[in-house]
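The values are calculated or read from the model by the stated rules, or taken from the named source; none is laboratory data. Here the structure is a predicted model, which means the values were calculated and not measured. Here the Cβ positions follow ideal geometry from the backbone for every residue, glycine too, while neighbour counts run over all protein chains shown. Note: areas computed on protein heavy atoms with side chains; ligands, DNA, RNA excluded. Shrake-Rupley method; radii C 1.70, N 1.55, O 1.52, S 1.80 Å.
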Amino acid sequence: MSEPVDLRRRRAATVAAAGIVFLALVEAAAALIAPSRVPSDADWRAAATELRAAFRPGDLIVAAPVWADPVMRLHLGDLVPQKVAARLDAGRFGRIWVLSQHGAEAPETADAARAHRARHGALTLLRYDRAAPAVTYDFLDNWQKARVLRIDPARGELLCERQPDRHQCPEIGFNFVKPQLLEMGTTLRNAFYAQPVGGATVAVEFADVPIGRELAVGVGLHHVWLRKVADGTVRLRVLIDGAEIGRTEATNRNGWRVDRFDTSSRAGKTGTVRFEITSDKPYSRHFGFAAEARG
């Protein structure tokens, strides 16, 4: 015979009540334990004191997880200037300090060896070392030396005028190339702001560049709300002395993307490096890129 309906209902109610009590106990335990697992101001101050004593110019400081970055800057922001905070990537840094919570790791240290570890309460201070390549040319630092062109199939090459803060191309107000702090995939990056032009190619060219063993190139689309307006792809073609060495692209989905193109066959030489920007759907494509020759 089947159980009476009332008995089944009482059992179901008992199980539900037990579940609610269990969840309440779990939440209460979490509320009691969680504060002890969060680094205190004293933990941050102690870690910052140790780090400052060992810090060398050129070191990189990051927080792990990345959402702790604002707290890290509160204590060590003077050691993380904008050029470092909005870097292309971590490739040029030989020593990387990580302020870690709950065992979190920093992606910047993926190819580095741990050289130091110290606990400060709920905060762990780590240092990673590696042999970092020298930067032979920072294109953003040398933006004024660029030659900027708009290449129109019907009109040929149109030279863009160098102004105090940008290279302004003729006739089209938004057609310029300038160094700017841009938001790319919810991160801030120092980059060239260079919107594509429909039916044309925007070219940014640098002469007499000391070539290293690789060319690191970062690309992305600026401004979270402007990215939502359209879905076009922006393509970047990279050439040295007229020969293509690689291509990359920026879309709504790839955030800040960094590619490293092998230039070891040209290392130690100088050459003309050219970046060509195109898009079949340029509407609301606020493109940015940065590059470094390394090696």
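You will find that of Leu149, Leu181, Leu188, the residue that is assigned to a strand (DSSP E or B) and in contact with a Cys (Cβ under 7 Å, 6 or more places away or on another chain) is Leu149 and no other. Taking the criterion of being open to solvent by 40 Å² or more (accessible area, probe 1.4 Å) and over 21 Å from Val209 (Cα atoms), the residues of the stretch 132-160 that qualify are Ile151, Asp152, Pro153, Ala154, Arg155, Glu157.
If you go through the stretch 96-114 and pick out every residue that is open to solvent by less than 50 Å² (accessible area, probe 1.4 Å) and farther than 21 Å from Leu74 by Cα, you end up with 2.
Filtering Asp78, Asp129, Asp69 for residues that are open to solvent by 40 Å² or more (accessible area, probe 1.4 Å) and without any contact (Cβ under 8 Å) to a residue 12 or more places away in the chain leaves a single hit, Asp78. Looking at Arg237, Arg213, just one residue is surrounded by 15 or more Cβ atoms within 10 Å (Cβ to Cβ) and closer than 24 Å to Pro170 by Cβ, and that residue is Arg237. When the stretch 78-128 is limited to residues that are of a type in the set (Val, Ile, Thr) and either assigned to a strand (DSSP E or B) or in contact with a Pro (Cβ under 8 Å, 6 or more places away or on another chain) (or both), the one that is nearest to Pro179 (Cα to Cα) turns out to be Ile96. Being assigned to a strand (DSSP E or B), touching a Phe, Trp or Tyr at 6+ places or on another chain (Cβ under 8 Å), at pLDDT 95 or above and among the β-branched types (Val, Ile, Thr) is the requirement here; does Val71 meet it? No, not satisfied. Answer yes or no: is there a residue in the stretch 152-170 that is within 25 Å of the chain's Cα centre (by Cα), of a type in the set (Lys, Arg), at pLDDT 95 or above and not in a helix (DSSP H, G or I). Among the residues of the stretch 152-170, at least one is within 25 Å of the chain's Cα centre (by Cα), of a type in the set (Lys, Arg), at pLDDT 95 or above and not in a helix (DSSP H, G or I), which makes the answer yes.
Within the stretch 246-272, the residues that satisfy the criterion of being farther than 19 Å from Asp89 by Cα, touching a residue at least 12 places away in the same chain (Cβ under 8 Å) and outside any loop (DSSP other than H, G, I, E, B) are Ser264, Arg266, Thr270, Gly271, Thr272. Taken over the stretch 193-210, residues that are open to solvent by 10 Å² or more (accessible area, probe 1.4 Å), part of a strand (DSSP E or B) and not acidic (Asp, Glu) amount to 4.
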